[in-house]
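One structure below.
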Amino acid sequence: MAEFSEDLPRKHQDLILGATGDGVYGLDCEGRTTFTNPAAARLTGYSAQEMIGKGQHDLIHHSHADGSHFPKVECPIYAAFKDGNVHHVSDEVFWRKDGSSFPVEYVSTPMFDDGVLVGAVVSFRDITERKHAEQALRESEQRYRTIFNATHDAMFLISAEDGAILDANIEACRMLGYSHEVLTTLSGIDLHPHEIPKLHSIFSDLRRTGKIKSDQLSCRASDGELIPALLSATITEVNGRACILLLAQDRRKEVKAARQARKLQADLHHVSRLSSMGEIASGLAHELNQPLTAVMNYVQAAKRIMDSGSAEQRRSISEYLGKAAAQTDRAAKIISGLRKFIEKNEADRSKENINDIVEEATKLVLPGGSTQDIELVLNFSNQLQLILVNKIQVQQVVVNLVRNAVEALGETNAAVLTITTADAADHSIMIAVGDNGPGIDDGQLHTLFEPFVTTKSDGMGVGLSICRTIVEDHGGQIEAEQNAAAGMTFHFTLPLNPVQDAPGTQ
Ligand code: ADP
């Protein structure tokens with residue numbers, strides 16, 4: 001063999017060839033086998049005697065993997081002793097004596113004797129295992145890709161080192177309106193240029209904990225739309241590289257539905273306030289009558305004096321007009337209270353004094369306070385902190401409760417309506433509206449807050465259900481109980497520090 005040193009004894013050469021796991025055989029310039037090692041015999045099933053002197057191509061290399069004929073002239077092994085170059089091949093098969101084949105990798109190296117090309121030496125190995133492993137890897141990659149692309153949510157593989165997007169699934173491309181080619185040239189920052197500090201803080205949490213879920217970020221699409229998303233990210237290792245596997249769930253539909261639900265709720269509250277207004281209008285008409293009559297009297301008195309009064313009397317005109325102005329102001333305040341109450345009102349919250357809210361609401365139902373039929377008792381705590389609420393909505397709760405109580409007290413002798421405000425447990429404020437009316441059957445107590453539950457012939461049964469939505473929206477609770485002596489008390493709580501809606505859902 002040409003590769004062995006001239007000095008290496010023949011016996012040593014045989015030992016080396018016998019020890020190697022690769023098959024090795026030599027060919028002369030006609031392609032006939034000149035020698036083989038034991039591994040070549042083991043791998044092909046032909047003994048050395050069966051191979052020596054035979055055309056090796058006809059014996060073990062005659063056909064392609066699909067069984068089609070492999071012409072000798074195209075054989076890279078034979079090419080070695082024709083063109084004098086080394087040929088390395090790993091996509092062909094060799095055929096065993098029993099007719100089966102195996103994938104092979106071989107190197108065919110030309111042999112020279114005194115500069116004259118005398119044949120080639122071929123070293124080959126069975127790569128069945130390697131092909132299986134490659135196939136398994138391909139299948140696994142295929143499976144991963146299928147799952148990656150079949151998920152309904154956008155998925156990204158991001159470098160944990162520099163935030164580069166290494167891979168993205170079909171849904172990610174669809175959601176953001178980028179081709180896969182473009183998306184994989186971007187980085188995480190390109191998708192959140194409008195909220196970099198938030199991005200940094202979320203990803204520093206991720207580095208600390210290895211896993212996060214957040215609905216605080218929105219992704220910017222190629223057309224500039226900000227898409228609210230629920231992100232779930234996990235740090236993982238892919239091919240020895242620290243990566244972030246990021247799942248982004250498109251929340252556009254959810255956010256739109258929440259917005260619509262809030263709008264519907266606000267509309268419902270508004271309609272309910274309009275219907276309350278109808279019921280309290282007669283009380284208000286009576287209340288407005290007083291200042292308007294007073295204005296009329298003062299103005300008429302002033303006119304009389306101007307027409308025929310003495311100089312002395314004329315000096316009191318200014319006083320009468322002042323009083324008329326004060327009464328006009330009172331009437332205007334009553335009207336403006338009502339107008340504010342029925343205004344369309346969005347979800348604005350502000351720090352308010354709960355006693356003022358309750359008092360204003362009570363005035364809408366009982367403008368003059370206690371009446372001939374009902375004694376109004378206000379038990380207000382003056383120790384209460386300001387509270388963050390939607391003023392109009394809380395007034396609506398109080399109006400509903402006070403109106404119900406006044407209606408319940410319709411036939412009651414010595415009727416008393418008691419309104420209480422007080423500190424309550426868990427940093428909240430409690431408001432109670434109690435009456436000594438007829439109360440309600442115990443069986444109805446549990447369904448009172450359900451919509452359309454009413455005992456009134458002209459009732460809609462939505463007042464208490466709206467009260468509950470408003471109170472729960474503020475993070476509080478509302479309950480009704482029968483009083484031990486007579487009537488009912490409704491109380492509700494409002495937390496001093498309500499949890500606000502998460503950003504992005506507004
Ligand atoms: P509506 O007033 O249209 O019936 P609500 O939801 O405000 O609707 O009230 C539901 C029912 O609760 C009323 O029909 C009434 O039977 C009962 N209710 C509410 N407040 C009182 C109360 N203070 N005393 C007795 N029953 C009450």
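The values are calculated or read from the model by the stated rules, or taken from the named source; none is laboratory data. These numbers come from a predicted model, not from an experiment. Cβ sites come from the backbone with ideal geometry, for glycine too, and all protein chains shown count toward neighbours. SASA here: full protein model, heavy atoms, side chains in, ligands and nucleic acids out. Shrake-Rupley method; radii C 1.70, N 1.55, O 1.52, S 1.80 Å.
List of remarks:
- Where Thr421 falls short, out of the listed (1) away from the ligand (no atom under 15 Å from the Cβ); (2) part of a helix (DSSP H, G or I); (3) under 15 Å from Phe492 (Cα atoms): (2)
- The single residue among Tyr78, Tyr46 that is part of a loop (DSSP other than H, G, I, E, B), among the aromatic types (Phe, Trp, Tyr) and over 27 Å from Glu134 (Cβ atoms) turns out to be Tyr46.
- Within segment 153-200, the residues that satisfy the criterion of being farther than 21 Å from Asp223 by Cα and either touching a helix residue (DSSP H, G or I) at 6+ places or on another chain (Cβ under 7 Å) or in contact (Cβ under 8 Å) with a residue 12 or more places away in the chain (or both) are Leu157, Ile158, Ser159, Ala160, Glu161, Asp162, Gly163, Leu166, Lys198.
- Residue that is modelled with the highest pLDDT, among those in segment 203-217 that are closer than 23 Å to Val255 by Cα and open to solvent by less than 20 Å² (accessible area, probe 1.4 Å): Ser214
- Apart from one condition, Ile392 fits all of (1) open to solvent by 60 Å² or more (accessible area, probe 1.4 Å); (2) under 15 Å from Ser276 (Cα atoms); the exception is (1).
- In the set (1) within 12 Å of the ligand (Cβ to nearest atom); (2) touching a residue at least 24 places away in the same chain (Cβ under 8 Å); (3) of a type outside the set (D, E, K, R), the condition left unmet by Gln444 is number (2).
- Residue selection: Glu450 fails the criterion of being under 22 Å from Arg349 (Cβ atoms) and exposed (fewer than 15 other Cβ atoms within 10 Å of the Cβ).
- All of (1) more than 16 Å from the ligand (Cβ to nearest atom); (2) open to solvent by 40 Å² or more (accessible area, probe 1.4 Å); (3) more than 15 Å from Met430 (Cα to Cα) hold for Ala324 with one exception: (2).
- Residue check for Gly21: at pLDDT below 95 and assigned to a loop (DSSP other than H, G, I, E, B): yes
- Test for Ala485: is it farther than 30 Å from Arg251 by Cα and touching a strand residue (DSSP E or B) at 6+ places or on another chain (Cβ under 7 Å): no
- Which numbered condition His152 misses (of (1) more than 24 Å from Leu231 (Cα to Cα); (2) assigned to a loop (DSSP other than H, G, I, E, B)): (1)
- Pairs meeting the criteria (first residue in segment 472-492 and open to solvent by 70 Å² or more (accessible area, probe 1.4 Å), second residue near the ligand (Cβ under 10 Å from one of its atoms), beta carbons under 6 Å, at least 6 apart or on different chains) are Glu481/Thr489.
- Residue within segment 110-125 that is open to solvent by 30 Å² or more (accessible area, probe 1.4 Å) and in a helix (DSSP H, G or I) present: no
- Among the candidates Leu417, Leu376, Leu386, Leu401, residue that is in contact (Cβ under 8 Å) with a residue 24 or more places away in the chain and under 35 Å from the mean Cα position of the chain (by Cα): Leu386
- Qualifying residue in segment 493-503 (condition: within 13 Å of the ligand (Cβ to nearest atom) and open to solvent by less than 30 Å² (accessible area, probe 1.4 Å)): no
- Of all residues in segment 448-471, exactly one satisfies the criterion of being free of Cβ contacts under 8 Å to residues at least 12 places away in the same chain and more than 9 Å from the ligand (Cβ to nearest atom), namely Ser457.
- If only residues of segment 41-82 that are touching a Ser or Thr at 6+ places or on another chain (Cβ under 7 Å) and farther than 17 Å from Val122 by Cα are counted, the one that is surrounded by the most Cβ atoms within 10 Å (Cβ to Cβ) is Phe70.
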